[in-house]
1. Which residue pairs have Cβ atoms under 7 Å apart, sit 6 or more places apart or on different chains, and have a first residue in segment 77-99 that is farther than 16 Å from G114 by Cβ and without any contact (Cβ under 8 Å) to a residue 60 or more places away in the chain and a second that is in a loop (DSSP other than H, G, I, E, B) and of a type in the set (A, V, I, L, M, F, W, C)?
2. Suppose we keep only residues that are farther than 24 Å from T96 by Cβ and aliphatic (A, V, I, L, M) within segment 16-48. Which one would you say is surrounded by the fewest Cβ atoms within 10 Å (Cβ to Cβ)?
3. When N210 is evaluated against the numbered criteria (1) modelled with pLDDT of 90 or more; (2) surrounded by 12 or more Cβ atoms within 10 Å (Cβ to Cβ); (3) closer than 30 Å to V140 by Cα, which criterion, by number, is the only one it fails?
4. In segment 177-207, how many are of a type in the set (A, V, I, L, M, F, W, C), buried (at least 17 other Cβ atoms within 10 Å of the Cβ) and at pLDDT below 80?
5. Consider V83 carefully, then state whether it is in a loop (DSSP other than H, G, I, E, B), crowded, with 18+ Cβ neighbours inside 10 Å, at pLDDT 95 or above and assigned by the TED database to the domain that holds H135.
6. Going through segment 170-182 one residue at a time, which ones are part of a helix (DSSP H, G or I) and over 14 Å from S278 (Cα atoms)?
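The values are calculated or read from the model by the stated rules, or taken from the named source; none is laboratory data. Quick caveat: nothing in here was measured; it's all calculated off a predicted structure. Every residue, glycine among them, receives a Cβ derived from its backbone with ideal geometry; neighbour counts consider all protein chains shown.
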Amino acid sequence: MRDIAPPSPAVVVAIDGSRRALNVALWAVDEALVRDLPLRLLYAIEPHETARLDSLCTAHDFAVAESAVRHAAMAIESTNRPVKIEVEIVYERKLTALAKASQSAAMLCVDAAGVGEAPGTHRGAELAQLLDQSHCLVAVINGDEPGHRDRFIVTGFTDSPECPTVLGHAIDEARLRHTALRVVTGWRPRFTDIHDSHATAEGNRYAKVNLEHALARYRLLYPEVDIEAIAVAGSPINYLAKHVDTVGLIVLGHDTANQLTELGDPGLYAALTDLHCSVLIAPRYGPW
């Protein structure tokens, strides 16, 4: 169990011995299977602050790590899903280990609480740092309720260059999870339209017509996916705030992930806490 897996493509899950992280690993099984990739269980042993480490301390740390990944592997194997399981135990900070893993991974899967707070940082800073350093898809999963087959997948539609890629990821998730997809676009109302119900309805209608036109080819390509176009005045985040009980997974582009700051401070971590859903973030668009 102590052998370090080679840096080959895989779906990587951060394991820490918690039930939430185990739920994330179970959620990630489908992601590995659909890509025909192994599921790699990554346990990062946080270095001790003191430079000196005795052999007993090191042995204890590895024993804890091995127990955690063994328990996760057994839980995955009990599902009888034909996924290959790899194990990687490293002695370094979790963020460093995940950033390195992202260089060859197809997806990183982490528990929202597991990267929510770090000693000496403000709430959510660790998650923001992970997104900034990652080279692949990052799934930040609500480890309390990782599966929401009765909830929608939601993504926004904008004129951003990353939008087609993000929409593609959202469709992939909807197909994989057999879940309906809601594509939300926002339009900017004039100040005088804010309290004018007729103007708002007309603005929504016009924005939805344009969105329906943009989604037409995706519906032809993926007829098995229930794709609904939704237009709202203002930011698409407004839709998420009003439909918190129906959203299971939000799919965002790297450059638009910080739009969730509108739900609370500081950003994505607060949104995860307030919405109780999961978020899939695409890697940075264009060159690094």
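1. Y91/I45
2. V34
3. Answer for N210: the failing condition is (3).
4. Adding up the residues that qualify gives 0.
5. Details: in a loop (DSSP other than H, G, I, E, B): yes; crowded, with 18+ Cβ neighbours inside 10 Å: yes; at pLDDT 95 or above: yes; assigned by the TED database to the domain that holds H135: yes.
Answer is yes for this residue.
6. Here is the first cut: in segment 170-182, the residues part of a helix (DSSP H, G or I) are 170-177.
If the condition is that a residue be part of a helix (DSSP H, G or I) and over 14 Å from S278 (Cα atoms), then I171, D172, R175, L176 are the ones that fit.
Let's see how each residue does on (1) assigned to a loop (DSSP other than H, G, I, E, B); (2) touching a Gly at 6+ places or on another chain (Cβ under 8 Å); (3) at pLDDT 95 or above; (4) within 30 Å of G168 (Cβ to Cβ):
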position: P47; (1), (2), (3), (4): yes, no, no, no
position: L56; (1), (2), (3), (4): no, no, no, no
position: F62; (1), (2), (3), (4): no, no, no, no
position: A99; (1), (2), (3), (4): no, no, no, yes
position: L108; (1), (2), (3), (4): no, no, yes, yes
position: G116; (1), (2), (3), (4): yes, yes, no, yes
position: D132; (1), (2), (3), (4): no, no, no, yes
position: V140; (1), (2), (3), (4): no, no, no, yes
